[in-house]
Amino acid sequence: MFTFGFKKKETIKTAVEVPKHIAIIMDGNGRWAKKRMQPRIMGHKAGMDALQKVTKTASALGVKVLTVYAFSTENWSRPEKEVAFIMNLPVEFYDKYVPDLHANNVKIQMIGDHSRLPEATKAALYKAEQKTKNNTGLILNFALNYGGRAEVTSAVKAIAQDVLDGKLNPGDIDEKLIGDHLYTNSLPASFRDPDLVIRTSGELRLSNFLPWQTAYSELYFTDVAWPDFDGEALQLAIKEYNRRHRRFGGV
Ligand code: FPP
């Protein structure tokens, strides 16, 4: 708990609890570009710039994990050129932003099924992971070719195989074991579940994003398009989070 500057002229007087894990559905890039008479890909480029700024603010506030929905298993149905552009963003991100994030002690990780990603995309992400693997600050966790149902399906397959191989009794399957088989098993155990999920650009749904892990997350929706989302907008979301009373099913 600590106090932090909220707006230039306003300071939050009360102690603020910063969520340890924030997950963001970065929506609205296409509409943002259309409004400016630009091609959709310019919205994704602006979205990448916004991500850098928001990551730095989250890191300065003491957030431990920032999981960002960069590409879903459903996004392959977009026009080929748009998919290719998004797939190249990690390459651009590596050159333009990873050095600064590395200097800020940010650790880069990813979740999702990466077998289908282009080689150059995988290589850029792998380089970013390797370069930052010993950092101890905020974990920037990219969800790329991520789908929540695909994640649960792959966990169920692995568990079923262990039962078939005689390594596991069905009676031993519990919530912890399932959690240990999800992509988020790469995160520190106490930070796997998001405390706060933010979705930008006005849509009120989770779109197959972390269905297991968000069972008790606070949800925050804003009309702000992702490319316009900034550190101040993040602090507004955190302020709202502090108005919620998380009971986890208790009283
Ligand atoms: C959804 O907006 C956004 C995406 C599918 C892509 C998000 C990617 C980024 C913000 C860049 C991430 C950076 C790296 C390095 C991977 P939309 O296109 O669905 O917007 P719309 O609903 O207005 O059409």
Q.
Are there helices (runs of 4 or more DSSP H) fully within the stretch 78-177 with at least 3 residues that are loosely packed, with under 12 Cβ neighbours inside 10 Å? List them.
A. 80-96, 148-164
Q.
Anything in the stretch 178-199 that is out of contact with any helix residue (DSSP H, G or I) (no Cβ under 6 Å at 6 or more places or on another chain), in a loop (DSSP other than H, G, I, E, B) and not hydrophobic (A, V, I, L, M, F, W, C)? List them, or say none.
A. 188, 193, 194, 195
Q.
Could you go through the stretch 18-30 and let me know if any residue there is surrounded by fewer than 16 Cβ atoms within 10 Å (Cβ to Cβ) and either modelled with pLDDT of 95 or more or of a type in the set (A, V, I, L, M) (or both).
A. no
Q) Can you find even one residue in the stretch 65-74 that is assigned to a loop (DSSP other than H, G, I, E, B) and not β-branched (Val, Ile, Thr)? A) yes
Q. Of the numbered conditions (1) of a type in the set (A, V, I, L, M); (2) within 16 Å of the ligand (Cβ to nearest atom); (3) touching a strand residue (DSSP E or B) at 6+ places or on another chain (Cβ under 6 Å), residue 224 satisfies every one except a single condition; which is it?
A. (3)
Q: Scan the stretch 200-216 and report the pairs whose first residue is in a loop (DSSP other than H, G, I, E, B) and whose second residue is at pLDDT below 95, with Cβ atoms within less than 6 Å and a gap of 6+ or a chain change.
A: 216/248
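Quick grid of which residues meet (1) under 19 Å from residue 143 (Cβ atoms); (2) at pLDDT below 95; (3) more than 8 Å from the ligand (Cβ to nearest atom):
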| residue | (1), (2), (3) |
| --- | --- |
| 36 | no, no, yes |
| 43 | yes, no, no |
| 57 | no, no, yes |
| 61 | no, no, yes |
| 65 | yes, no, yes |
| 76 | yes, no, yes |
| 83 | yes, no, yes |
| 87 | yes, no, yes |
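Across the stretch 202-251, what is the number of residues that are hydrophobic (A, V, I, L, M, F, W, C), farther than 30 Å from residue 35 by Cβ and over 17 Å from the mean Cα position of the chain (by Cα)? Show your work before the answer.
To start, the set of residues in the stretch 202-251 that are hydrophobic (A, V, I, L, M, F, W, C) comprises 204, 206, 209-210, 212, 215, 219, 221, 224-226, 229, 233-234, 236-238, 248, 251.
Retained after the next criterion (residues that are farther than 30 Å from residue 35 by Cβ): 212, 215, 248, 251.
Pick out the ones that are also over 17 Å from the mean Cα position of the chain (by Cα) and you get 248, 251.
The qualifying residues number 2.
The values are calculated or read from the model by the stated rules, or taken from the named source; none is laboratory data. What you see is a predicted model; the values in this text were computed from it and never measured. Virtual Cβ from ideal backbone geometry, glycine too; neighbours counted across all protein chains shown.
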